[in-house]
1. So for the pair Thr6, Ala189, with labels modelled 7 Å out along Cα→Cβ, what separation do we get in nm?
2. Taking a 25 Å limit on the Cα-Cα distance, which of the listed pairs Lys23/Lys81; Lys18/Lys154; Lys158/Lys255; Lys40/Lys79; Lys127/Lys154 fall beyond it?
3. Can you send over the solvent-accessible area of Val182, 1.4 Å probe, protein chains only, in Å² to the nearest 10?
4. Once each part is reduced to its C-alpha centroid, what is the distance from the stretch 63-135 to the stretch 223-266 in angstrom?
5. Using a basic spin-label model with each label point 7 Å from the Cα along Cα→Cβ, how many nm lie between Ala241 and Ala199?
6. List the relative contact order of the stretch 126-266 as a percent without decimals, with contacts defined as Cα pairs under 8 Å and 6+ residues apart.
7. Over the stretch 21-98, calculate the relative contact order: mean separation of alpha carbon pairs under 8 Å at least 6 apart, over the residue count, as a percent.
8. Report relative contact order for the chain in percent, whole number only (criteria: Cα-Cα under 8 Å, sequence separation at least 6).
Amino acid sequence: MTQSTTPSLTVTDLAAMKQRGEKITCLTAYDASFSAVIDKVGIDVILVGDSLGNVIQGHTTTLPVTLRDLAYHTQCVTKTKQRAFVIADLPFLGYTTPVLAAKNAGKLLRAGAQMVKLEGAKIDCVKFLVDQGVPVCGHLGLLPQSIHLVGGYKIQGKAPEAAQQLLADALELQQAGAQLLVLECVPAALAKDISSQLAIPVIGIGAGVACDGQVLVLYDMLGLGVGSRPRFSMDFLQNTASIEDAIAAFHRAVKQATFPSAEHSF
Ligand code: KIV
């Protein structure tokens, strides 16, 4: 007898959610057990983020995370999920050329990812990946892989020129074929503007409630983070009875646009 499975969401489903104004929920996951709970609750997207360097491996940055780590954790996550759409991060210096990006993206897609995410306006890489049939999620605003260049985890796009540059980069990524965009740590008003100008869904983290969806690092939203929780995150386990309930509370709050509130935005 065959087991019944729920079909996976696709990029087309995510695009349709933006069009009908339904918020997209996304959490990071790195293993089979959390992936199963997240999927059961109905979270739309699972991100196998290189934040695993912080929360799983105990590093202070995401830089030490390798392609092998990301492929391994992607395999773990995809073993138990059914419906959720899975994105995997390309690692630091894993997309210095379009050909390297494609080689590495191939490993993540073979591990079960449905899309790869890369940081910055790497237009040539995005175009090349999309040409090869690889779906791409851009990531703008605070770029953790460039942390030593930026000089700390701080809000981006505050000055008018920086805000303009972010909008221009977002439009260029979309033009290059990116089908999703993560915006991290930018003023809520700027994120609202970018989300309304882009046809593709914009998933915010520390970017205000007007984005088309929200992503949080799983360990932060369960109050398990190493070190202090970022201001834009919230401990959903605090007022709930179980991990499953906490994830369901996040899912509901995002769908109903009650999270993030002003206190979790810039
Ligand atoms: O690696 C990660 O978890 C991420 C999120 C912070 C968006 O990129």
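1. About 3.9 nm, to one decimal.
2. Lys18/Lys154; Lys158/Lys255; Lys127/Lys154
3. Result for Val182: roughly 10 Å² accessible.
4. 27 Å
5. Result: 4.7 nm between the two label points.
6. 19 percent.
7. The normalised contact order for the stretch 21-98 reaches 37 percent.
8. In percent, rounded to a whole number, it is 18.
The values are calculated or read from the model by the stated rules, or taken from the named source; none is laboratory data. Remember, predicted model here, so these are calculated numbers, not experimental data. Ideal geometry is used to build each Cβ from the backbone, glycine not excepted, and the neighbour counts take in all protein chains shown. Heavy atoms of the whole protein, side chains included, go into the accessibility calculation; ligands, DNA and RNA do not. Shrake-Rupley method; radii C 1.70, N 1.55, O 1.52, S 1.80 Å.
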